[in-house]
Amino acid sequence: MTQIPRAGVIGNPISHSLSPKLHGYWLNRYGIEGAYTAVKVTEDALEETLRDLPKQGFIGANVTLPHKTSVMQFADNITDRATLIGAANTLTFKEDGRIFADNTDGYGFMANLRQGAPDWDPKSGPAAIFGAGGAARAILVALADAGVPEIIISNRTRAKAEALRADFGARISVIDWVQADHMLEDAKTVINTTSLGMVGAQDFKVPLNRLRKDAVVTDIVYNPLKTPFLLAAEEQGCLTVDGLGMLLHQGVPGFERWFGQRPEVDEATRQAVLS
Ligand code: ATR
């Protein structure tokens, strides 16, 4: 009996993940016989699970918190972008059991921005990033790759922003969190990568009155879809792009690799995931 190809998302907690809805929708839309499930995995069980999944018919997996960094040690091949970011979110299991690790977060970020703001030009001016966690790292690499001339970072814990500057160098500067609004003066691309504004988290309190009207503003928080950060940017006249698309687009390369069909990210996909 041949098994249907399986993929899934591994993390802990995992019940909140939207990835099963996303991939399930795509499998159905393209009439692909396959399965995609959420797999709850503790840190202790990570290696054993990774060795076991291919035996259960898994051809790949997405990886979410808290395993994005630790999963790297079990990979046999790691893409340059995953190495640079220091984390992986997309695994492919080879038939011989080898694990191929990639990071598509930066791709997802960029594809979302390009879809939501088609006229956005990365080279038009500096980018300003709030936050310096794992997501900021992936976004920073993607922005630098796209040719953004200067990237300004502000983070509550300044040392984490300084560490990003130490790793990625020349084009990056750091501004203190209490002065974060000053990085908006010249910024053409503005990104919130903190958890501020998410349902259940604290509010985003940095004033946005220094935002340029021609800045493109995006948030990685997608619950709520229109965060107070994006609403404030809209009030300043800026074009905004919500964070749901980043999640949807980051799933594209994995789905294509596993199931052989490049899936669309469109309004129907958004609605399927939100339903
Ligand atoms: P991720 O990997 O998703 O980016 P993370 O590494 O936990 O998640 O990063 C969360 C980001 O939100 C960090 O930049 C964090 O700032 P610190 O480095 O100072 O922790 C930021 N953040 C979370 N809560 C915050 C708060 N109340 N005020 C300001 N920044 C906050």
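The values are calculated or read from the model by the stated rules, or taken from the named source; none is laboratory data. Remember, predicted model here, so these are calculated numbers, not experimental data. For neighbour counting, all protein chains shown are included, and Cβ atoms are generated from backbone atoms with ideal geometry for every residue, glycine included. For the accessible areas, the whole protein counts, side chains as well, though only heavy atoms, and no ligand, DNA or RNA atoms are used. Shrake-Rupley method; radii C 1.70, N 1.55, O 1.52, S 1.80 Å.
To the nearest Å, what is the center-to-center distance of the stretch 200-215 and the stretch 1-62, using C-alpha atoms only? Here the answer is 37 Å between Cα centres.
Using C-alpha pairs under 8 Å with a sequence gap of at least 6, the mean separation divided by the residue count of the chain gives a relative contact order of 17 percent. Backbone phi angles across the stretch 181-186, fed through the Karplus curve with coefficients 6.51, -1.76 and 1.60 (θ = phi - 60°), yield HN-Hα couplings of 5, 5, 6, 7, 4, 10 Hz in residue order; Gly and Pro are listed as x. Quick one: Debye curve from the alpha-carbon atoms of the stretch 4-88 only, equal weights, vacuum; give me log10 I(q)/I(0) at q = 0.11, 0.12 Å⁻¹ to two decimals. These q points yield log10 I(q)/I(0) values of -0.31, -0.37. Across the stretch 39-171, counting alpha-carbon atoms alone, Rg and Dmax equal 16.7, 49 Å. Under 5 Å between amide hydrogens, built in the peptide plane, is the criterion, and for T104 it picks out N89, T90 among residues at least 5 positions away or on other chains. Between the amide H of D219 and those of N192, V241, G243, distances stay under 5 Å, these residues lying 5 or more places away or on another chain, with hydrogens modeled in the peptide plane. Relative to one another, the C-alpha centroids of the stretch 87-153 and the stretch 223-275 are positioned 14 Å apart.
Sequence-ordered 3J(HN,Hα) estimates for the stretch 203-212 from the Karplus curve with 6.51, -1.76 and 1.60 and θ = phi - 60° stand at 6, 7, 10, 5, x, 10, 5, 8, 4, 6 Hz, glycine and proline given as x. Extension gain, A45-D266: 0.36 nm per intervening residue step, less the Cα-Cα distance, totals 75.9 nm.
State, as an integer percentage, the relative contact order of the stretch 59-131 based on alpha-carbon contacts under 8 Å between residues 6 or more apart. Don't jump to the answer; show the numbers that get you there.
Numbers: 85 pairs, mean separation 19.5, N = 73.
Once normalised by length, the contact order is 27 percent.
Taken one residue at a time, the phi angles of the stretch 221-236 give Karplus couplings (6.51, -1.76, 1.60, θ = phi - 60°) of 6, 10, 10, x, 4, 9, 6, x, 4, 5, 5, 5, 5, 5, 4, 7 Hz. Gly and Pro are set to x.
Can you give me the relative contact order of the stretch 98-208 as a percent, contacts being Cα pairs under 8 Å and 6 or more apart? Could you put the intermediate results ahead of the total?
Numbers: 156 pairs, mean separation 31.8, N = 111.
Reported as a whole number, the value is 29 percent.
Sorted largest first, the spans of the alpha carbon positions of the stretch 163-275 along the three principal axes are 46, 34, 29 Å. Per residue, the accessible area of the chain comes to 46 Å², computed with a 1.4 Å probe over protein heavy atoms only.
Once you compute Rg and the Kirkwood Rh from C-alpha atoms, what is the Rg to Rh ratio for the stretch 190-253? Spell out each step's value before the answer.
Values: Rg = 11.7 Å, Rh = 12.0 Å.
Reported Rg/Rh (Cα atoms, Kirkwood Rh): 0.98.
Think of each Lys and Arg Cβ as +1 and each Asp and Glu Cβ as -1; about the Cα centre, that makes the dipole of the stretch 109-194 roughly 260 debye.
Counted residue by residue at 0.36 nm each, then reduced by the alpha carbon distance between them, the extension gain from K55 to S70 reaches 3.3 nm. Highest mean packing first, where packing is the average number of other Cβ atoms within 10 Å per residue, the peptides 128-138, 257-267, 42-52 line up as 128-138, 257-267, 42-52.
Of the solvent-accessible surface of the chain, computed with a 1.4 Å probe over protein heavy atoms with every protein chain present, carbon and sulfur atoms account for 50 percent.
The residues S15, S154, S173, sorted by heavy-atom accessible surface at 1.4 Å with ligands and nucleic acids left out, run S15, S173, S154 from largest to smallest. Between amide H atoms placed 1.01 Å from N, distances below 5 Å from V9 occur with T37, A38, V39, N62, all of them 5 or more places distant or on a separate chain. Globularity index of the chain is 1.01 (Cα radius of gyration / 2.2 N^0.38 Å, N = number of residues).
What's the magnitude of the charge dipole for the stretch 1-130 around its Cα centre, counting Lys and Arg as +1 and Asp and Glu as -1 at the beta-carbon? Answer in Debye, nearest 20.
Values: 12 positive and 14 negative charges, 66 e Å.
Here the size comes out at about 320 debye.
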